[in-house]
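Inspection log for the structure reproduced underneath, given as structure tokens.
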Amino acid sequence: NAGVTQTPKFQVLKTGQSMTLQCAQDMNHNSMYWYRQDPGMGLRLIYYSASEGTTDKGEVPNGYNVSRLNKREFSLRLESAAPSQTSVYFCASSEFLAGGPEQYFGPGTRLTVT
Amino acid sequence: EDQVTQSPEALRLQEGESSSLNCSYTVSGLRGLFWYRQDPGKGPEFLFTLYSAGEEKEKERLKATLTKKESFLHITAPKPEDSATYLCAVRSSNTGKLIFGQGTTLQVKP
């Protein structure tokens with residue numbers, strides 16, 4: 001099992017460009033998440049999908065959109081990138097949202113916006 | 001407001017020198033406290049889940065404990081390969097989402 005995979009691993013964008021970060025999991029998990037990690041800020045939730053067909057905002061959703069393509073895949077789109085979106089982005093999944101199961105993380109995408 | 005604070009921010013130990021990392025939390029109904037390990041350039045790796053005060057979990061040189069206000073990650077006789085950032089997170093019964101602390105970066109020197 002690959003667990004949670006993310007593409008690309010690195011990306012450099014210019015201000016105003018758009019891109020989509022891809023995430024897939026092979027653990028048959030219902031819930032999936034997108035986080036960003038910045039120095040001194042910890043991991044912050046951008047969007048999540050409790051189950052296939054549903055998505056909801058997290059702590060820092062502005063400037064992002066998501067799509068839960070199917071049970072396995074959850075993508076994050078930046079429509080018009082800004083330097084403030086320079087960060088490391090992690091996708092995660094868990095068996096379900098509530099009740100306490102742990103989340104499993106992908107390797108991350110390092111995004112730089114110039 | 002749900003909040004997690006980890007201390008210290010950074011910790012340097014000599015190989016074999018035991019110590020503890022602290023995770024203090026305030027949450028509306030705890031539905032799990034989680035410890036993760038993160039190596040540079042990698043995603044967080046799940047270590048433990050604790051659900052109730054008094055619970056303990058162990059894995060090799062690591063032992064996690066939980067009280068009503070904080071959790072400790074005890075590292076016994078650490079080795080250089082234990083060097084990493086350790087993250088603590090709590091799940092609130094109100095939102096179901098994880099709230100992460102900022103992490104403690106541990107360096108173990110041979």
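The values are calculated or read from the model by the stated rules, or taken from the named source; none is laboratory data. What you are looking at is a predicted structure, and each value in this text was computed from that prediction instead of being measured. Glycine gets a Cβ as well: all are built from the backbone with ideal geometry, and neighbour counts include every protein chain shown.
Of the strands (runs of 3 or more DSSP E) lying entirely inside the stretch A:1-70, those carrying at least 3 residues that are touching a strand residue (DSSP E or B) at 6+ places or on another chain (Cβ under 6 Å) and away from every other protein chain (no Cβ under 12 Å) are A:10-13, A:19-25, A:64-68. Looking across the stretch B:10-60 at every residue that is without any contact (Cβ under 8 Å) to a residue 40 or more places away in the chain and aromatic (Phe, Trp, Tyr), the one that is farthest from A:Asp38 (Cα to Cα) is identified as B:Tyr51.
Restricting attention to the stretch B:14-39, report how many residues are modelled with pLDDT of 95 or more, more than 11 Å from chain A (Cβ to nearest Cβ) and assigned to a loop (DSSP other than H, G, I, E, B). The total comes to 4.
Taking the criterion of being among the hydrophobic types (A, V, I, L, M, F, W, C) and farther than 26 Å from B:Asn94 by Cβ, the residues of the stretch A:51-105 that qualify are A:Leu69, A:Leu78, A:Ala81, A:Ala82, A:Val88.
Of A:Val66, A:Val12, all but one fail to be out of contact with any helix residue (DSSP H, G or I) (no Cβ under 8 Å at 6 or more places or on another chain), over 16 Å from B:Ile99 (Cα atoms) and surrounded by fewer than 15 Cβ atoms within 10 Å (Cβ to Cβ); the exception is A:Val12. The residue that is farthest from B:Pro40 (Cα to Cα), among those in the stretch A:74-104 that are surrounded by fewer than 16 Cβ atoms within 10 Å (Cβ to Cβ) and among the charged types (D, E, K, R), is A:Glu79. For the structure I just gave you, tell me whether A:Ala81 is among the small types (Gly, Ala, Ser) and more than 16 Å from A:Val4 (Cα to Cα). It is true that A:Ala81 is among the small types (Gly, Ala, Ser) and more than 16 Å from A:Val4 (Cα to Cα).
So that you can scan it fast, the table gives a plain yes or no per residue for (1) closer than 13 Å to B:Ser20 by Cβ; (2) buried (at least 19 other Cβ atoms within 10 Å of the Cβ):
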residue: B:Lys57; (1), (2): no, no
residue: B:Lys69; (1), (2): no, no
residue: B:Leu73; (1), (2): yes, yes
residue: B:Pro78; (1), (2): yes, yes
residue: B:Ala84; (1), (2): no, yes
residue: B:Arg91; (1), (2): no, yes
residue: B:Thr95; (1), (2): no, no
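Sub-8 Å Cβ pairs linking a first residue in the stretch A:42-56 that is under 8 Å from A:Ser31 (Cα atoms) to a second residue that is of a type in the set (Lys, Arg) and not in a loop (DSSP other than H, G, I, E, B), at least 6 apart or interchain, are A:Ser49/A:Arg68; A:Glu52/A:Arg68, ordered by first then second residue. Would it be correct to say that A:Phe74 is within 11 Å of the chain's Cα centre (by Cα), touching a residue at least 60 places away in the same chain (Cβ under 8 Å) and closer than 22 Å to A:Thr7 by Cβ? No.
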